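One structure is given here, and the rest of the page talks about it.
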Amino acid sequence: MRLELINTGTELLLGSTVNTHLSWLGQEMLPLGLRIGRQVCIPDGDVIREALRETAGRADVVLVTGGLGPTSDDITREVTAEWLGLPLEEDAGVKAWITAYMAERGRPLSEAAKRQAMVPRGAEVLANPAGTAPGLYVPPMAVPGTGMKSPHLFLLPGPPRELKPMVRDQVLPRLAAMVGPALGMRNFHLAGLGETQVAEAVEGVLTGMGIPEIGYCARAGEVIVRVFGTPEQLAAAEMLMAGTFPAQFFSSKDEELEQVVVGLLAKLGQWVSVAESCTGGLVAHRLTNVPGASAVVDRTFVTYANRAKSEVLGVPAELIAACGAVSRETAAAMAVGCLAASGADHALALTGIAGPGGGTEAKPVGTVFVALASKGGGEPVVGQHLFRVERETFKRMASQAALDLLRRRLIRMI
């Protein structure tokens, strides 16, 4: 079933209002196995006429948002009726609702407001408890003079507070009845890999399972493999991911890496601290964004300057002078000092060169050392990475590497 979306509203194209409809509606459609195949955003007014005509013969279902209000540029209802050759008829129930709505607010019932009670013959009214403009469902019918049928049309209000309850209560049940049993979707999250590397390893096997659609989304320090299929196919795909990438596969529940880490720490009843230089507190920020993080994080440190590394973490100034602030030795000493200063079970430390300046031939811009020290864990583990990206992405990738280093240790402890 091909689903399309038409968003109307001049304010969306001027940039004064952010169009959130596509992302929200797309997420609401997925559990039904539906995906928005095309989306167009148009200004208020007569442009809706051409946008509707284009859908005939191509789309099965069209969602239209906006253009149902009382003002002169709200003409979605009228244009739809004209396109399909349907007379507009006053709906007594809608008029009564609008009258009561206005009376409760001490406002007169204007002629413009009464327009919202006009309904194309054959359309179903979708009640709008949050406003005066009802939605409309217009079933497929012959489009005069074309020899084609119209798609299922859902005309919906633009304001999200009106749109969302209407979609959930009245649109989704109708769509569910149309599509029948739906395919499921699952996102498999993998840390520290590239999408080409992942695709080469699993795509042939997934295709051989008869899975109808596979997609990839590359993020900083992470790849998401999106799979559509039956419950049996999704279960088999998850086994494939876990078996092919046992160290990198960390979630099939759309969890961020920090959520997984906080969950593992909570399960173990353990605490973590972080000493950050080049990431400036991003690792701590990500951890403490997770609800329940207070049970696993007590304190963290941002030691950006060399003096702070020595004063707060006890890193010898002589070590920094000899090896450099960005070095395997300094990262290890930061992790050990953080473990001692915090009393945590685990301590991460990061030091690197975010750029654009500061790099050398031996340590180019993008170099970062990530260290992990744990109580009773022996010498710190230190990883060296090179992320040749701009500063913000560098910080994200470095934080990802640190969280993944801790995740792998915690997994071995479960």
**Item:** Set Ala401, Ala354: member being more than 17 Å from Glu329 (Cα to Cα) and in a loop (DSSP other than H, G, I, E, B)
**Value:** Ala354
**Asked** Can you tell which of Gly229, Gly208 is surrounded by fewer than 19 Cβ atoms within 10 Å (Cβ to Cβ) and closer than 30 Å to Leu3 by Cα?
**Response** Gly208
**Message:** From the list Leu234, Leu190, exactly one residue is in contact with a Gly (Cβ under 7 Å, 6 or more places away or on another chain), at pLDDT 95 or above and either in the same structural domain as Leu34 (by TED's automatic domain parsing) or among the aliphatic types (A, V, I, L, M) (or both). Which is it?
**Reply:** Leu234
**Fill in**
Of the residues in the stretch 249-267 that are surrounded by fewer than 17 Cβ atoms within 10 Å (Cβ to Cβ) and within 21 Å of Gln233 (Cβ to Cβ), the one that is farthest from the chain's Cα centre (by Cα) is Lys253
**Prompt:** Only one of (1) on the phi > 0 side of the Ramachandran plot; (2) touching a helix residue (DSSP H, G or I) at 6+ places or on another chain (Cβ under 6 Å); (3) surrounded by fewer than 15 Cβ atoms within 10 Å (Cβ to Cβ); (4) not basic (Lys, Arg) is not met by Ala218, so which one is it?
**Reply:** (1)
**Asked** Does Leu313 meet the test of being of a type outside the set (Val, Ile, Thr) and under 30 Å from the mean Cα position of the chain (by Cα)?
**Response** no
**Request:** Check whether at least one residue in the stretch 354-367 is over 26 Å from Thr288 (Cβ atoms), among the β-branched types (Val, Ile, Thr) and within 33 Å of the chain's Cα centre (by Cα), and report yes or no.
**Result:** yes
**Request:** Kindly indicate whether Leu287 is assigned by TED's automatic domain parsing to the domain that holds Gly378, under 17 Å from Met397 (Cα atoms), at pLDDT 95 or above and part of a helix (DSSP H, G or I).
**Result:** yes
**Asked** How many of the residues making up the stretch 8-31 are of a type outside the set (Val, Ile, Thr) and either touching a residue at least 60 places away in the same chain (Cβ under 8 Å) or closer than 15 Å to Val171 by Cα (or both)?
**Response** 10
**Prompt:** Given the conditions (1) at pLDDT 95 or above; (2) surrounded by 15 or more Cβ atoms within 10 Å (Cβ to Cβ), which single one is not true for Glu195?
**Reply:** (1)
**Message:** Going residue by residue through the stretch 382-399, is there one that turns out to be crowded, with 24+ Cβ neighbours inside 10 Å and of a type in the set (D, E, K, R)?
**Reply:** yes
**Request:** Please specify each residue of the stretch 62-92 satisfying the condition of being farther than 17 Å from Lys149 by Cβ, part of a helix (DSSP H, G or I) and β-branched (Val, Ile, Thr).
**Result:** Thr76, Val79
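The values are calculated or read from the model by the stated rules, or taken from the named source; none is laboratory data. Remember, it's a predicted structure, so these values are computed and weren't measured experimentally. Cβ sites come from the backbone with ideal geometry, for glycine too, and all protein chains shown count toward neighbours.
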